[in-house]
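The values are calculated or read from the model by the stated rules, or taken from the named source; none is laboratory data. Quick caveat: nothing in here was measured; it's all calculated off a predicted structure. When we count neighbours, we look across all protein chains shown, and the Cβ atoms used for this are built from the backbone with ideal geometry, even at glycine.
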Amino acid sequence: MNTNIQNPTKQTAQTFLLSIPDMVLKLFIKVGVLPFFLVGALIIFSLLSSQFLSVQNLTNVARQSVYLVLVSLGQMIVLITGGFDLAVGTAIALTSVVSATAMVALASMFPDYVWLVIILGFIAGFGAAALIGSLNGIGVAQFGVSPFIMTLGVQSVGAGIALFITGGVPVSGLPYEFGNLFGFGRIFGVPVPVLVAILSIIVMWLIMNRTKFGAHIYAVGGNIRAAHLSGVDTKRTLFFSYLVCALLASLAGLLLTARVESGETNLGGTIALESIAACVIAGVSLRGGIGRVENVVLGAFFIVLVQNGMNLTQVGSYMQMILLGSLLILAVILDQYRYRKIVGER
Amino acid sequence: MSNIQTPLVEMKNISKQFPGVKALDGVDFTLMPGEVHVLFGENGAGKSTLISILSGVYQPSEGTVEISGKRVDFRSVHDATDAGIGTVFQEFSLVPTLTVFENVYLGNELKRGLFIDRSAMAKGAQKLFEDLGFELNVRQRVSKLSRAEQQMVEIAKAFHSKADILILDEPTASLTERETEKLFSFITNAKENGVGIIYISHRIHEFEKIADRITILRDGQLIETVAAKGTSEAHLIELMTGRAIGDVYPKIKRQPKGEVVLSLRDVHAWGVNGVSLDVRAGEVLGVAGLVGSAKSRVWRSVVGLQPVKSGSVKLKGIDVTNAKTRKLIQNGLFYLPPDRKNEGLQLSATSRDNLNLSILNRSEIVGRVGLLSPNKKKQLADKIGKRVGLSETYFNKTVSTLSGGNQQKVLFGKGFGEERDIYILDEPTVGVDMGTRAALYRLIKEIAESGKAVVVISSDLSEVMNLSHRLLVFSNGKIAAELTGNDVTEETVLKHFFAELRATA
């Protein structure tokens with residue numbers, strides 16, 4: 001009996017002593033690796049460069065991160081279903097050349113209806129990406145091809161088509177209004193691409209947290225067989241996940257096209273790796289079933305922040321590739337550890 | 001057996017803690033040379049954990065293991081094999097794409113110079129099988145073998161590694177009578193050579209033939225070790241369950257002449273050779289049979305997990321042969337899969353999220369502007385959680401950290417997400433402790449007495465025998481017998497297990 005009374009005090013003393021590393025571990029398991037990386041990056045870069053924390057630079061980072069945020073949101077959906085999409089870069093490139101080619105062709109036909117031309121250009125771009133997404137979706141959902149092979153193959157197919165259309169030459173001569181609004185425009189002082197991104201984030205958050213489709217995506221990734229036995233249409237869910245992913249990449253592609261004012265086949269070259277890195281760093285599990293919109297936005301922001309910081313501190317672009325790749329691997333190792341802690345050792 | 005002999009195995013005060021559950025709590029266990037020592041207990045009592053520790057799969061949280069008097073500390077299965085422990089697990093550890101002899105020699109292949117000597121290995125394996133009295137072509141791929149044959153390969157593999165401690169986990173679960181006899185004569189033989197055998201089985205009538213001692217585990221604790229001779233079946237069951245049989249299984253009132261809810265006519269499917277049956281509202285239909293008898297497969301065909309080749313399935317009078325699983329679920333069928341980890345639950349999600357998945361079609365959870373309301377979802381899921389007796393502290397916990405019993409409660413809860421007419425429960429209490437089982441049985445009683453049709457498929461004979469109003473025994477893809485009332489005895493059921501096999505042999 002006596003020992004029973006003494007034990008609690010001893011325990012509190014112990015937990016108090018252990019509390020700091022314990023709390024860090026708990027925080028890590030709860031939120032993942034991102035907050036630690038973000039704090040680390042902020043400290044390192046603000047020490048190395050005085051410009052880094054300036055309002056102007058951070059606004060710049062926000063504007064630059066729009067494209068990666070959009071693609072990462074799409075990548076997140078696919079990752080949560082337990083797959084991944086290596087064809088996001090192709091979706092961007094194809095969107096770019098198809099929408100640009102369409103706009104250039106239509107502009108010569110209807111020179112007086114520039115907004116109609118732009119709208120049709122958007123539709124053509126989305127259509128091209130929808131094709132990419134549908135191919136991925138059908139392959140993975142209907143034929144059970146592994147997402148790795150399917151999206152890798154489609155990535156090559158799409159890149160080939162984009163090069164075939166343009167012959168490798170950038171498509172120029174886009175309507176001035178297109179670049180002016182979607183590339184450089186501002187509404188109430190906020191850059192249009194940022195507004196588009198904010199809107200997309202809100203819509204995606206609602207989809208993932210407030211709709212059946214969102215719940216089904218989590219269920220399919222958590223355990224596809226259990227989802228099937230719970231009455232979820234797993235094939236449909238998978239298909240639409242890849243479609244939505246391609247459409248989000250397409251949106252990023254249109255904004256990028258507006259920014260560079262031409263249709264280019266080499267847009268989005270490294271974005272597959274970057275978007276996967278952003279998601280994984282933001283705690284999206286590669287095993288599926290786990291991931292949150294708000295974290296992914298921060299994850300994408302973090303990647304661009306690191307790139308920006310490295311540019312400011314004059315880290316060479318080759319070195320940047322090495323660091324970014326290493327960061328991804330480190331994040332995955334930490335993710336494995338975290339997953340085991342969440343799901344248990346068994 | 002003399003007292004001076006050193007035990008082959010001496011496990012002292014073994015405990016094993018898993019996240020959220022203590023699987024073993026201070027268990028002692030000894031095995032003498034030339035002894036067959038039975039481990040007996042419910043699913044989830046800790047038998048598998050104990051042998052997993054002995055065979056190096058898990059490390060104990062507390063306690064010591066001695067082999068032939070020497071303290072050991074197994075870090076891997078390999079360590080245990082080196083110490084002479086051969087294990088035949090329930091889940092086979094064979095590589096299906098390799099041949100029988102390649103599996104037998106896996107890890108210690110015979111070599112001639114730099115190369116593997118395939119013909120010598122095949123010869124060696126052939127001789128091994130002959131010595132054991134098994135007939136098998138050792139050049140076949142393992143994937144082509146039946147479950148019973150795979151079991152033989154496992155046993156041969158354990159023997160090949162010169163084990164003097166052999167662990168057999170439910171070895172007869174998928175064997176025919178004849179194969180079982182062979183296994184027993186082989187065990188007797190091994191005993192004479194001083195091999196110690198740890199034998200796990202639920203089949204009490206086997207014990208008197210081969211066992212020397214029986215250790216009973218319950219909820220991770222050692223209850224008693226008794227001599228096999230002179231211990232009655234009733235006493236064993238009482239030791240295992242910790243209570244008289246009547247306290248566990250509730251009496252379920254049967255509704256007279258319920259309507260037919262589900263009806264199968266001459267259904268053929270993979271492993272199913274013509275099954276016709278009716279399930280009526282308000283009854284509990286029990287289904288028993290060996291692994292591979294189609295007792296489970298026929299229902300998997302019904303719910304669309306494997307195709308029906310011919311015949312018809314009707315749900316409430318409407319033809320649903322080969323209908324999509326989700327259509328059946330939308331039309332009032334609930335299927336509880338036998339493997340909750342692989343097919344039942346979202347392991348990385350919380351209990352609440354798991355329950356949420358079953359209520360997504362309910363109109364109550366839709367808030368303004370057509371989006372789902374998290375509060376309403378939570379209220380509904382919590383109501384279901386309470387109904388199945390899940391403690392509120394677990395609502396927001398990740399399912400994988402819960403004990404088997406609590407996981408099973410969540411899985412049952414998914415059946416209450418919507419109004420259903422028929423509940424097909426495949427192994428409803430596998431790996432669940434006794435207290436939770438009684439609670440789940442009460443839920444089954446509630447469901448049946450509210451006028452729903454319930455099908456209970458189980459390898460646990462006492463479970464199906466005590467719960468069901470009507471018991472179907474499956475054998476070799478067909479219904480071998482339909483038993484009611486006083487005909488439902490373990491003896492008759494077991495007899496029918498092999499009925500079709502005997503007829504075809």
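If you take just the helices (runs of 4 or more DSSP H) that sit entirely in segment B:298-402, which of them hold at least 2 residues that are at the interface with chain A (Cβ under 8 Å from one of its Cβ atoms), at pLDDT below 95 and surrounded by 15 or more Cβ atoms within 10 Å (Cβ to Cβ)? Spell out the reasoning first.
On the way: elements: B:325-330, B:351-356, B:374-387.
Result: B:325-330, B:351-356.
What pairs come out if I take residues in segment A:21-45 that are in contact (Cβ under 8 Å) with a residue 12 or more places away in the chain and exposed (fewer than 11 other Cβ atoms within 10 Å of the Cβ) and pair them with residues that are of a type in the set (Ser, Thr, Tyr) and in a helix (DSSP H, G or I) whose C-beta lies under 7 Å away, six or more apart or interchain?
Hits for this filter: zero, empty list.
Identify, from the list B:LEU425, B:LEU443, B:LEU483, B:LEU467, the residue that is at pLDDT 95 or above, within 27 Å of B:GLU259 (Cα to Cα) and of a type outside the set (Val, Ile, Thr).
Details: B:LEU443 fails: at pLDDT 95 or above; B:LEU483 fails: at pLDDT 95 or above; B:LEU467 fails: at pLDDT 95 or above.
Sole residue among the options that is at pLDDT 95 or above, within 27 Å of B:GLU259 (Cα to Cα) and of a type outside the set (Val, Ile, Thr): B:LEU425.
So which helices (runs of 4 or more DSSP H) stay within segment A:1-104 end to end and still have 3 or more residues that are modelled with pLDDT of 95 or more and under 28 Å from A:LEU195 (Cβ atoms)? Show your work before the answer.
On the way: elements: A:2-31, A:34-48, A:55-80.
Where helices (runs of 4 or more DSSP H) fall fully within segment A:1-104 and carry at least 3 residues being modelled with pLDDT of 95 or more and under 28 Å from A:LEU195 (Cβ atoms), they are A:55-80.
Looking at B:GLY84, B:GLY56, which one is surrounded by 14 or more Cβ atoms within 10 Å (Cβ to Cβ), in contact with a His (Cβ under 8 Å, 6 or more places away or on another chain), away from chain A (no Cβ under 14 Å) and closer than 27 Å to B:LEU175 by Cβ? Outline the logic, then answer.
Working: B:GLY84 fails: in contact with a His (Cβ under 8 Å, 6 or more places away or on another chain).
Checking each option against the conditions leaves just B:GLY56.
Within the group B:GLY113, B:GLY124, which residue is surrounded by fewer than 14 Cβ atoms within 10 Å (Cβ to Cβ) and in the same structural domain as B:GLY86 (by TED's automatic domain parsing)? Talk me through it step by step, then tell me what you get.
Working: B:GLY124 fails: surrounded by fewer than 14 Cβ atoms within 10 Å (Cβ to Cβ).
Just one listed residue meets the conditions, B:GLY113.
For the condition closer than 21 Å to B:ILE200 by Cα and either modelled with pLDDT under 90 or not basic (Lys, Arg) (or both), what is the one hit in B:LEU168, B:LEU136?
Details: B:LEU136 fails: closer than 21 Å to B:ILE200 by Cα.
Among B:LEU168, B:LEU136, only B:LEU168 is closer than 21 Å to B:ILE200 by Cα and either modelled with pLDDT under 90 or not basic (Lys, Arg) (or both).
Among (1) over 20 Å from the mean Cα position of the chain (by Cα); (2) hydrophobic (A, V, I, L, M, F, W, C); (3) farther than 20 Å from A:LEU94 by Cα, there is one condition A:VAL171 misses while meeting the rest; what is its number?
Tallying (1) over 20 Å from the mean Cα position of the chain (by Cα); (2) hydrophobic (A, V, I, L, M, F, W, C); (3) farther than 20 Å from A:LEU94 by Cα, A:VAL171 fails exactly one: (3).
State which residue is farthest from A:GLU177 (Cα to Cα) when the search covers only segment A:235-273 and only residues that are in contact with a Ser or Thr (Cβ under 8 Å, 6 or more places away or on another chain) and among the charged types (D, E, K, R).
A:GLU264
Kindly check whether there is at least one residue in segment B:59-72 that is of a type in the set (A, V, I, L, M), modelled with pLDDT under 85 and within 30 Å of B:SER185 (Cα to Cα). Can you show your working first?
Let us first name the residues in segment B:59-72 that are of a type in the set (A, V, I, L, M), namely B:65, B:67, B:72.
Checking which are modelled with pLDDT under 85 leaves us with none.
Within segment B:59-72, not a single residue is of a type in the set (A, V, I, L, M), modelled with pLDDT under 85 and within 30 Å of B:SER185 (Cα to Cα).
Looking at segment A:251-305 only, could you name the residues that are within 23 Å of A:GLN320 (Cβ to Cβ) and among the basic types (Lys, Arg)?
The answer is A:ARG259, and nothing else.
Just to verify a result, which residue in segment A:213-227, among those that are surrounded by fewer than 24 Cβ atoms within 10 Å (Cβ to Cβ) and within 7 Å of another protein chain (Cβ to nearest Cβ), is nearest to A:ARG287 (Cα to Cα)? Lay out the reasoning, then the answer.
Initial filter on segment A:213-227 (surrounded by fewer than 24 Cβ atoms within 10 Å (Cβ to Cβ)): A:213-215, A:224-225.
In the following step, the residues that additionally are within 7 Å of another protein chain (Cβ to nearest Cβ) were identified as A:215, A:225.
Details: A:ALA215: 17, A:ARG225: 14 Å.
Residue satisfying both the conditions and the ranking: A:ARG225.
Which ones in segment B:275-297 are outside any loop (DSSP other than H, G, I, E, B) and out of contact with any Gly (no Cβ under 6 Å at 6 or more places or on another chain)?
Residues of segment B:275-297 outside any loop (DSSP other than H, G, I, E, B): B:275-280, B:284-289, B:297.
B:VAL275, B:SER276, B:LEU277, B:ASP278, B:VAL279, B:VAL284, B:LEU285, B:GLY286, B:VAL287, B:ALA288, B:GLY289 - these are the residues of segment B:275-297 that are outside any loop (DSSP other than H, G, I, E, B) and out of contact with any Gly (no Cβ under 6 Å at 6 or more places or on another chain).
Which residue, of B:LEU290, B:LEU305, is in contact (Cβ under 8 Å) with a residue 24 or more places away in the chain and not acidic (Asp, Glu)?
On the way: B:LEU305 fails: in contact (Cβ under 8 Å) with a residue 24 or more places away in the chain.
Result of the check over B:LEU290, B:LEU305: B:LEU290.
Looking at segment B:340-352, which of the residues that are in contact with a strand residue (DSSP E or B) (Cβ under 9 Å, 6 or more places away or on another chain) and not polar (S, T, N, Q) is farthest from B:ILE457 (Cα to Cα)? Don't jump to the end; show me each part of the working.
At the first step, the residues of segment B:340-352 found to be in contact with a strand residue (DSSP E or B) (Cβ under 9 Å, 6 or more places away or on another chain) are B:344, B:347-351.
From what's left, not polar (S, T, N, Q): B:344, B:347, B:349.
Working: B:GLY344: 16, B:LEU347: 24, B:ALA349: 27 Å.
Across segment B:340-352, the extreme among qualifying residues is B:ALA349.
Taking the options A:GLY173, A:GLY160, name whichever one is outside any helix (DSSP H, G or I), surrounded by fewer than 23 Cβ atoms within 10 Å (Cβ to Cβ) and away from chain B (no Cβ under 14 Å). First the steps, then the outcome.
Working: A:GLY160 fails: outside any helix (DSSP H, G or I).
After applying the criteria, what remains is A:GLY173.
Look at segment A:323-346 and say how many of its residues are touching a residue at least 24 places away in the same chain (Cβ under 8 Å), in contact with a helix residue (DSSP H, G or I) (Cβ under 8 Å, 6 or more places away or on another chain) and within 14 Å of another protein chain (Cβ to nearest Cβ).
Counting residues in segment A:323-346 that are touching a residue at least 24 places away in the same chain (Cβ under 8 Å), in contact with a helix residue (DSSP H, G or I) (Cβ under 8 Å, 6 or more places away or on another chain) and within 14 Å of another protein chain (Cβ to nearest Cβ) gives 4.
Among A:SER200, A:SER230, A:SER275, A:SER262, which is the only one that is within 12 Å of another protein chain (Cβ to nearest Cβ) and in contact with a Leu (Cβ under 7 Å, 6 or more places away or on another chain)? Spell out how you get there, then give the answer.
Details: A:SER200 fails: within 12 Å of another protein chain (Cβ to nearest Cβ); A:SER275 fails: within 12 Å of another protein chain (Cβ to nearest Cβ); A:SER262 fails: within 12 Å of another protein chain (Cβ to nearest Cβ).
When all the criteria are applied, what remains is A:SER230.
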